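As structure tokens, the structure follows; a few thoughts come after it.
The values are calculated or read from the model by the stated rules, or taken from the named source; none is laboratory data. Remember, it's a predicted structure, so these values are computed and weren't measured experimentally. Reconstructed Cβ throughout: ideal geometry from the backbone, glycine too, with neighbour counts over all protein chains shown.
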Amino acid sequence: MLNKSKELNNMNIYTAKITITTHDIGREAGSKKEYIESVKMQFLEENNIELRDDEITILEEVKDNE
């Protein structure tokens, strides 16, 4: 019992930055703003994590030339 108490007193405290990378492929949206809001909403629903706009990097935009 004494060893366990001693171990608790010698515990370290850690801080970490956790980075999650995922790709969203082929989502249609009328604008970049609409796309980002759609991604944030779906990510929150599926992962219970709120994203900020600056955490989303648009890799490609394909214009619809109708």
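Please work out which one of (1) in contact with an Asp or Glu (Cβ under 6 Å, 6 or more places away or on another chain); (2) at pLDDT below 95; (3) not polar (S, T, N, Q) is the condition residue 20 fails and give its number.
Result: residue 20 fails condition (1) only.
Looking at the range 19-53, which of its residues are at positive phi and small (Gly, Ala, Ser)? Can you show your working first?
First pass over the range 19-53, keeping only residues at positive phi: 26, 48.
Residue satisfying the conditions is 26 alone.
Which of the residues belonging to the range 17-66 are part of a helix (DSSP H, G or I), surrounded by 10 or more Cβ atoms within 10 Å (Cβ to Cβ), without any contact (Cβ under 8 Å) to a residue 24 or more places away in the chain and among the charged types (D, E, K, R)?
First pass over the range 17-66, keeping only residues part of a helix (DSSP H, G or I): 32-47, 53-55.
Adding the requirement that they be surrounded by 10 or more Cβ atoms within 10 Å (Cβ to Cβ) leaves 32-44, 47, 53, 55.
From what is left, the residues that are without any contact (Cβ under 8 Å) to a residue 24 or more places away in the chain are 33-44, 47, 53, 55.
Residues satisfying the conditions are 33, 34, 37, 40, 53, 55.
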